[in-house]
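Okay, structure first, notes after.
The values are calculated or read from the model by the stated rules, or taken from the named source; none is laboratory data. On a predicted model such as this, the values are computed, not experimentally measured, just so you know. Cβ coordinates were reconstructed from backbone atoms using ideal geometry, including for glycine residues, and neighbour counts include every protein chain displayed.
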Amino acid sequence: MVRQHDVAVVVDSGSCLPPGLLHQWDITVVPHEFAVDGQTFGDGVDLHPGEFYQQLKNKRGALTTAPPRPQQFLEAFIAAGELAPNVLCLTLSSNFSAAYQSARAAAVLAGSRMPDVRVEVIDSQAVAGASGLIALAAARWAAKGYSMGRVIAGVNQLIPRVDLIAFLESLYYLGRSGRVGKLQAWTSSILRIRPVTELKLGEARILEKPRSRARAAQRILDLMGQQVGRSQITLNVMGADSQEDAQALLGKIQAEFNCREAFLSEFTPVLGAYTGPGLLGVAFYMHDGDEEEPPQETPQTP
C-alpha cells in the first residue's frame, strides 16, 4: 500500500468546513446525528441545511442530537489509515459535545485493529468554523509533508489563537434545548435581543446584547477590529439560514481587514439545532508572519 502523506486528518461534522475544502485537503468527516420528530438524519449527509432550518422553523416537536458513535470514528480511522500511517482527529470542544470522548474510545479500538497506524485525538477547544480552521491548517501542514509531531505542535499552538464571534437571532432554541433558562429566552425574544457571543478555548460568553441584526453584525466587525488591527487573518464566515447576510458580512470584512484567506460556510444543522436559524458568525485567527509553518516538535523527557 502506497501512502501519500505522513498524516491524515479526521474531523466531526461540527467543523463547518465547505465540501470543496474538505475534498481538496482530503479531510475525512464523521457525521453527528440529529432527529426531528423521531426521524434521524446524518449531519451534512441526509438533509441540506436549508431544508433543515425550514423544518426547524415549521416544527415545534422534539428535536435531539447525538455525537458520532465510536464505531463511526473507528471506520473513519481505518479509512484514513489507508492514506497515511498517522491519523490525527480533531473534534469539537469537549465542553459542548461528547464527540471527543467518542473519538478517544475509537482510538483505543483502532490500536488493536491496525497496530501499524498511530491515531491521536485532540480536543480543539473550539466549535463550528473555529474548529474547522484548526483542522484545515493541520491538513495543509500534512499535505506539505510535515511529520505527525510537527502537525500536532502546530495545532496546539493554533488552538489558543482561534476565536469565534457570532450572534443569535434569539435565545428561543437554546431555551427549548435547556441550554439557557426559559425565562431568559422568553425575555430575549420579547426585547428582540441578538446576543453577540464569543466562543474561545472551550468557553462561551455573551459580549453584548444589541437589538437589531445590523447593529449585531456591526459589533462583530468592531470587536474583530479591536483584536486584529491590520494583522493578516484567516477567517470563515458562517450563516444559519442567513447566507445573504453572511455574504454581505464577508464583503465588509474583506474591505476592512487584511485577509489572507476568507470563505463562507453554512452553519451545520447539528449545531443549528441549538442556535436556531438566523445565526451569523465569524471564526478567525491572526497570522504570526508571512509563512505559516508548524513549530518544531518539543522533545519528550525520557
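Answer yes or no: is there a residue in region 25-41 that is assigned to a helix (DSSP H, G or I) and either surrounded by fewer than 16 Cβ atoms within 10 Å (Cβ to Cβ) or under 14 Å from the mean Cα position of the chain (by Cα) (or both).
Within region 25-41, the first condition is being assigned to a helix (DSSP H, G or I), and the residues that meet it are none.
No - not one qualifying residue is present in region 25-41.
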Report summary line: Residue set G14, G20; condition without any contact (Cβ under 8 Å) to a residue 40 or more places away in the chain and not assigned by TED's automatic domain parsing to the domain that holds V237; output residue G20
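Taking strands (runs of 3 or more DSSP E) that do not extend beyond region 52-148, which have at least 2 residues that are out of contact with any helix residue (DSSP H, G or I) (no Cβ under 6 Å at 6 or more places or on another chain) and modelled with pLDDT of 95 or more? Don't jump to the end; show me each part of the working.
Values: elements: 63-66, 86-91, 118-123.
Passing ranges, in order: 118-123.
Report whether or not L250 is buried (at least 16 other Cβ atoms within 10 Å of the Cβ), more than 17 Å from the chain's Cα centre (by Cα), closer than 21 Å to L22 by Cβ and modelled with pLDDT of 90 or more.
Working: buried (at least 16 other Cβ atoms within 10 Å of the Cβ): yes; more than 17 Å from the chain's Cα centre (by Cα): yes; closer than 21 Å to L22 by Cβ: yes; modelled with pLDDT of 90 or more: yes.
Taking the combined requirement at face value, the residue satisfies it.
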Report task. Among the residues of region 133-157, write down those that are under 14 Å from the mean Cα position of the chain (by Cα), crowded, with 24+ Cβ neighbours inside 10 Å and more than 30 Å from R213 (Cβ to Cβ). Result -> A138
